[in-house]
Amino acid sequence: MTGSPTKSTVAAWLDERLGWSAIKEFAQHKRIPLHRHTVWYYLGGMTLFCFLVQIGTGILLLLYYRPTAEAAFESVEFIMTDVRFGWLVRSIHSWSANLMLFFAFVHMFSVFFLRAYRKPRELTWVSGALLLFLSLGFGFSGYLLPWNQLAYFATKVGTDILGQIPLIGHWLLTVARGGDEVSGATLTRFFGVHVAVLPMIATFFLVVHLAMVQKQGMSVPIGPSYQNTRTMPFFPNFALRDLVGWTLALGILVLLASIFPWELGVKADPLASAPAGIRPEWFFCFMFQTLKYIPSHVLFMPGELLGIIGFSLGGVALILVPFLDRRAAREERNGLMTAIGCVVILYMAVFTLLAYVR
Amino acid sequence: MTTDDTKTPGGAPISRRGFFDLALGGGVIALLGAILYPLTRFVIPPESPEAVASQVVAAKIGDLTPNSGKIFRFGKDPALLVLTKSGEYRAFTAICTHLDCTVQYRGDLERIWCACHNGNYDLNGNNVSGPPPLPLTQYNVTVRGDQIIVSKA
């Protein structure tokens, strides 16, 4: 038969026009360094996997979801009860969102401690930090969409924080809420942001991030013991290991979604009181708990404002990490950065736990 | 050596590599099936309980003047009630048999007319000109008191 010659003819025809043999050539020569921290190289891929699951399940949810205050809750209820496998799709979307943020945080800290942000990968770090902020934006905007009581108050509080910003605060709050109050207008805005604006921006930065990772290759930690380590080919060795990890992650997702289907709660009622024990999603808890502890006035400044300024500066510092750590740029160890990283992890862990215990 | 080889039910030998290829391929197919089956079921919308109506009050006496028509809801579909020049009530499905548009009564033509592609039906529902391939289904009309009741034949 002529199956194989035809195939190679088609491949050659396409290659002449697309030039993909350059990509193939590149993939064949890409190698992954092997050392005792190689395992951390898988976490970015895990985050990416969860993002892909979010796109897939998100598109599916769009088939039935209706973004109005009158119909949103009922449409999610319909998805959960009437649509076949609807409970599974929605639960996977919720679980995968949480796992994505979890992996993104672990990925970020592993990159931080391995100093993978140092020259020439500063911009890869910056794009990654922006992707983390975008992920938090996805989490915040998506949380409101089922239009339940918890989401309603989380959004009230979250957008109210914007209003604390001096001068432009009220304007920002009105833009975010589509009015003075959290209402159907807010839901419509958040929906548009969640399914169109954020995906577009995130896809751009994701492509930039991945392209830079490909261009620069994997970073090895600082120190003589990491120089000239053994390597393995990216394709197929590392890629297949990635695939095994992704398959496992899918299994875990389905397991979590099946055993702990995501709750829907009670429909939002603007006239009801906030339920006791209310708290945001875990990835916002350390900030939420901090705001609880800040007194109403510190010197001449309102407490919330101080908190907001603190977290904003923290965010800026996160983006600027590669430029603040001048020693890593010279391939020198930096104990201070490690200490700061440990303190930040400890602070986030303790305050998150406090939010759940108290 | 043949010690690594097992036999298929048919008796043909299968190599260790062949066995693992089969297991991997089967596993991948099973995984894809486990993803595609729920996905397909999800995409197909669940059946909504259909509003079944065998009869409905279409209008009241005096709602229509002779040589006019009125669209009313029959179950989940639109239907058309016509009062002819001679004072007779007639009812039809209002869904054009051509491409699903909703028809209307044209007093100037004394015909049922579809605006989408200029289809014409006479007052018995027969497709008389234009693209409609079939006549409109006619319903029974009974007058009880001042109510005009339409029922399926």
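The values are calculated or read from the model by the stated rules, or taken from the named source; none is laboratory data. What you see is a predicted model; the values in this text were computed from it and never measured. Note that each Cβ is placed from the backbone with ideal geometry, even for glycine, and that neighbours are counted across all protein chains shown. In case anyone asks, the SASA skips ligands and DNA or RNA and just uses the protein heavy atoms, side chains included. Shrake-Rupley method; radii C 1.70, N 1.55, O 1.52, S 1.80 Å.
Tabulated data for the structure shown
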read-out	value
Counted residues, the range B:46-70 - those being open to solvent by 80 Å² or more (accessible area, probe 1.4 Å) and either within 14 Å of another protein chain (Cβ to nearest Cβ) or part of a strand (DSSP E or B) (or both)	5
Lone unmet requirement of (1) closer than 25 Å to A:Phe234 by Cβ; (2) within 13 Å of chain B (Cβ to nearest Cβ); (3) free of Cβ contacts under 8 Å to residues at least 12 places away in the same chain for A:Arg36	(2)
Test: residue in the range A:70-85 that is away from every other protein chain (no Cβ under 14 Å), surrounded by 19 or more Cβ atoms within 10 Å (Cβ to Cβ) and under 27 Å from A:Asp325 (Cα atoms)	no
Residue list for the range A:219-265, filter: of a type in the set (S, T, N, Q), open to solvent by less than 60 Å² (accessible area, probe 1.4 Å) and within 25 Å of the chain's Cα centre (by Cα)	A:Ser219, A:Ser258
Identity of the residue in the range A:116-135, outside any helix (DSSP H, G or I) and open to solvent by 30 Å² or more (accessible area, probe 1.4 Å), that ends up nearest to the other protein chains (Cβ to nearest Cβ)	A:Arg121
Hits in the range A:162-181 - residues which are open to solvent by less than 60 Å² (accessible area, probe 1.4 Å) and either β-branched (Val, Ile, Thr) or assigned to a loop (DSSP other than H, G, I, E, B) (or both)	A:Ile165, A:Thr174, A:Gly178, A:Gly179
Test for A:Ser91: is it within 14 Å of chain B (Cβ to nearest Cβ), open to solvent by less than 20 Å² (accessible area, probe 1.4 Å) and touching a residue at least 40 places away in the same chain (Cβ under 8 Å)	yes
Candidates A:Phe112, A:Phe138, A:Phe153 - the one that is touching a residue at least 12 places away in the same chain (Cβ under 8 Å), away from every other protein chain (no Cβ under 14 Å) and surrounded by fewer than 20 Cβ atoms within 10 Å (Cβ to Cβ)	A:Phe153
Residue match in the range B:29-42 (condition: over 30 Å from A:Leu240 (Cβ atoms) and either in contact with a His (Cβ under 9 Å, 6 or more places away or on another chain) or within 14 Å of chain A (Cβ to nearest Cβ) (or both))	yes
Test for A:Gly251: is it assigned to a helix (DSSP H, G or I) and free of Cβ contacts under 8 Å to residues at least 60 places away in the same chain	yes
A:Leu187 being touching a helix residue (DSSP H, G or I) at 6+ places or on another chain (Cβ under 9 Å) and either part of a helix (DSSP H, G or I) or open to solvent by 40 Å² or more (accessible area, probe 1.4 Å) (or both)	yes
Residues that are of a type in the set (Phe, Trp, Tyr) and surrounded by fewer than 19 Cβ atoms within 10 Å (Cβ to Cβ), drawn from the range A:23-41	A:Phe26, A:Trp40
Only listed residue being of a type outside the set (Gly, Ala, Ser) and surrounded by 12 or more Cβ atoms within 10 Å (Cβ to Cβ), chosen from A:Val316, A:Val298	A:Val298
